[in-house]
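I have placed the structure first, in the form of structure tokens, so that the comments after it can refer back to it.
The values are calculated or read from the model by the stated rules, or taken from the named source; none is laboratory data. As the structure is a computational prediction, the values presented were derived from the model and not from experiment. Counting neighbours? That spans all protein chains shown, and the Cβs are built from the backbone with ideal geometry, glycine included. In case anyone asks, the SASA skips ligands and DNA or RNA and just uses the protein heavy atoms, side chains included. Shrake-Rupley method; radii C 1.70, N 1.55, O 1.52, S 1.80 Å.
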Amino acid sequence: MEREEEASGPMMEMCTNGSEETSNRRPIISGEPLDIEAYAALYKGRTKIMRLLFIANHYGGNQTVQLEALRMAYDEIKKGENTQLFREVVNKINGRLGEKYAMDSSWCETVDRRAEQRKGKLENELSSYRTNLIKESIRMGYNDFGDFYYACGLLGDAFKNYIRTRDYCTTAKHIIHMCMNAILVSIETGQFTHVTSYVNKAEQNPETLDPIIAAKLRCASGLAHLELKKYKLAARKFLDVNPELGNSYNEVIAPQDVATYGGLCALASFDRSELKAFILFSFLSFFAKVIDNINFRNFLELVPEVRELINDFYSSRYASCLEHLGNLRANLLLDIHLHDHVDTLYDQIRKKALIQYTLPFVSVDLSRMADAFKTSVSGLEKELEALITDNQIQARIDSHNKILYARHADQRSATFQKVLQMGNEFDRDVRAMMLRANILKHDYHAKTTTNKKH
């Protein structure tokens, strides 16, 4: 326990550094009610609209917030060409925002007519390119078609056209560009197996990847692992993201999301040594560069509660850690990628906290442990019973005296058994070597006989 307190010292210093500069700047991901305008400003393009619609659909009991999200989605859609999504948003608004946010039929007709003209022009150009058999022009033609369909919200057609460019790619950069487009559409459509496939394809030529593209691929891979509930792999990918990413991938993910997703997945899946190596070490190793690296400093400052709960967990301040998690829960449930995993991640983090609390002790007073986790003794007892049944805690509970007794293995007996096992293995290996040496010495060969058929 003394080592744990010493280890938390530098972390605490890092958490307090720079607090004067950021005290007046409200973090986006925090325990306070979600600031929708500030949250939406982190993203651009289709993901911005879909995140706003997700908030509108899942922010129960507060019609003001729902309408605000729909209003912002309406305004954002009118900057693009997706008339189908525009009609869906208008139906959701249902006249509750006044005539200004009613159906704009003239805008839809204008956009659809312009889209048809654009489509005809692209078809003529692509036909000409294919006639002339110019590979680079054909690739660009299919790519333009993919961009067109993506802007119109026809993601299936966009994916098909992006993939068709594969046969006309002549350089590694072309392949990476194709993969990035395919990954973007696959994330939007929820096809995360495709995401993993095209990330692997793009990473086959690491020498052609610049740091920002490499960071984007790690983000995409992290999202795919998160969706597949492979939290440990997701944590490793997010923690490997280069801070140079900045806001360059905000059509998919913001830097704050990288910190939040990576931190929660690490807490839920890493053991204590891994948490120290991959979380605490990462923070401390970059801390000396924080002053010179504005992107990474902002990256940490925008998610102070995630940083604090990681520090609390590692320092065995479980009540504070769980309190931070409770404060973040409402906002995390509004995250389009994380909402399905919040309950699972929280449950795993709590179980790990309970297990780590009991590890150093021969016996634990359940009343004191309940106080540490801010829960009732009866509730704690049920949680511990489940962990003991699952063989995650080697202990037994004295229900009368409310004491948990650990069943520690007999280290002396285990050591003797290990020594005997090693001795037997050594004896077997020596006998096998002596047998082989004697066989070679006497030039003994076992020849196989073959039956010849006549």
Test residue 123 against the criterion of being without any contact (Cβ under 8 Å) to a residue 24 or more places away in the chain and under 21 Å from the mean Cα position of the chain (by Cα), and give yes or no. no
Residue match in segment 347-369 (condition: open to solvent by less than 40 Å² (accessible area, probe 1.4 Å), within 30 Å of residue 39 (Cα to Cα) and not polar (S, T, N, Q)): yes
I need every pair where a residue in segment 393-407 that is more than 17 Å from residue 376 (Cβ to Cβ) has its Cβ under 8 Å from the Cβ of a residue that is hydrophobic (A, V, I, L, M, F, W, C) and surrounded by fewer than 13 Cβ atoms within 10 Å (Cβ to Cβ), sequence separation at least 6 or different chains. 394/409; 405/362; 406/362
Give, as residue ranges, the helices (runs of 4 or more DSSP H) completely inside segment 137-235 that count at least 1 residues that are open to solvent by less than 70 Å² (accessible area, probe 1.4 Å) and in contact with a Leu (Cβ under 6 Å, 6 or more places away or on another chain). 172-189, 192-202, 211-227
Does residue 118 qualify as being over 28 Å from residue 38 (Cβ atoms), open to solvent by 30 Å² or more (accessible area, probe 1.4 Å), touching a residue at least 12 places away in the same chain (Cβ under 8 Å) and out of contact with any Asp or Glu (no Cβ under 6 Å at 6 or more places or on another chain)? yes
Which of the residues belonging to segment 393-444 are aromatic (Phe, Trp, Tyr) and at positive phi? none
Pairs needed: first member in segment 236-261, farther than 12 Å from residue 337 by Cβ; second member anywhere, part of a loop (DSSP other than H, G, I, E, B) and of a type in the set (Gly, Ala, Ser); C-beta distance under 9 Å; at least 6 residues apart or different chains. 247/254; 255/246
Every residue from segment 236-276 that is open to solvent by 10 Å² or more (accessible area, probe 1.4 Å), over 21 Å from residue 196 (Cβ atoms) and at pLDDT below 85: 243, 244, 246, 271, 272, 273, 274, 276
Give, as residue ranges, the helices (runs of 4 or more DSSP H) completely inside segment 1-105 that count at least 1 residues that are surrounded by 12 or more Cβ atoms within 10 Å (Cβ to Cβ) and at pLDDT 90 or above. 36-40, 45-58, 63-77, 83-93
Of the residues 202, 214, which single one is modelled with pLDDT under 95 and under 17 Å from residue 234 (Cα atoms)? 214
Would segment 277-288 turn up any residue that is in a helix (DSSP H, G or I), hydroxyl-bearing (Ser, Thr, Tyr) and modelled with pLDDT under 85? yes
Which residues, counting only those in segment 419-448, are of a type in the set (Asp, Glu) and assigned to a helix (DSSP H, G or I)? 425, 427, 429
